[in-house]
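The values are calculated or read from the model by the stated rules, or taken from the named source; none is laboratory data. In this text the structure is predicted, and so the values were computed from the model without any measurement. Cβ placement follows ideal geometry from the backbone for every residue including glycine, while neighbour counts extend to all protein chains displayed.
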Amino acid sequence: MRSKTTDQSRAGLSICKAMASGHSFWVYSLVYRALEEIEMNVSSSISPPRNVVLLGYGGLLPFIGLALLVLTSREYRPFCAVALVNYGAVILSFIGALHWGFAMSVHSMSAQLRRDRFIWSVIPALIAWLSTLLPVPLGCSLLIVGFVVHFWQDRQLVRVVSLPAWYLPMRLRLTTVACVCLLVGAIAVAIHS
C-alpha cells in the first residue's frame, strides 16, 4: 500500500510532466526533472539534484546583475534599484512558501509545528510587500532582515523535521549572496542619492 505522501508526490509530478510536455516552456521541464530527482530518495543525498542546483543558483543571477548595475550604472540606477527590491520581494515570498509546502507534505510534524509553519509561511510575503513600499535603501534592508530571519526559521525546522541534507547549506549560500547583493544595492543608492 502506497503512502499518502507518495500519491501526492506522484500527482504533483504528473501535473508538472503534463505542463512540460504540453507547452514549450523549458522551466516546466526543469521543474519536472527536479521534482523527479527529489522524489528518488533525495533525503539521503548529501548533494542537491542537478536541476535544483541550476534553478537555485540561477535565481541568483538577477540579484547579482541588478546589484552590479545599481553600483555601476548612473543612468539605469533608479530603475535597477527598484527592480532589485522587487526581485528580492518575489524571492522572499517564494522561500516563505516553502514552509507552507513543508507544512502540507511533511506528515511527521506535530499539529503545533504545522500550524506555526502555515503562519510563518505568509510572513515573508508580508515583509516583501512592505519592502516594495519603502525607499530603496530601507526596502533592501528590510529584505535582508527577512532573508536572515527566514534562514533562522529554516534552521529551526531542520532540527525537528527530516529534510534533505543539502537543503540548509544550499539555503545558507543562496541567502548570503542575496543579502550581499541587497546590501550593495542599498549602499549604492544611499551614497548616490
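Some observations on this one:
- Boolean, Arg50 is of a type in the set (Lys, Arg) and out of contact with any helix residue (DSSP H, G or I) (no Cβ under 9 Å at 6 or more places or on another chain): no
- Against the list (1) among the hydrophobic types (A, V, I, L, M, F, W, C); (2) modelled with pLDDT of 95 or more; (3) farther than 18 Å from Val145 by Cβ, the condition Val85 fails is (3).
- Residue match in region 133-147 (condition: of a type in the set (Phe, Trp, Tyr), assigned to a helix (DSSP H, G or I) and out of contact with any helix residue (DSSP H, G or I) (no Cβ under 9 Å at 6 or more places or on another chain)): no
- Members of region 98-138 found to be among the small types (Gly, Ala, Ser) and farther than 22 Å from Arg171 by Cβ, listed by number: Ser110, Ala111
- The single condition from (1) at pLDDT below 60; (2) in contact with a Pro (Cβ under 8 Å, 6 or more places away or on another chain); (3) not basic (Lys, Arg) that Glu36 fails is (2).
- Some residue of region 149-162 being among the polar types (S, T, N, Q), over 22 Å from Leu84 (Cβ atoms), assigned by TED's automatic domain parsing to the domain that holds Tyr76 and without any contact (Cβ under 8 Å) to a residue 40 or more places away in the chain: yes
- Verdict on Pro62 being under 17 Å from the mean Cα position of the chain (by Cα) and at pLDDT below 95: no
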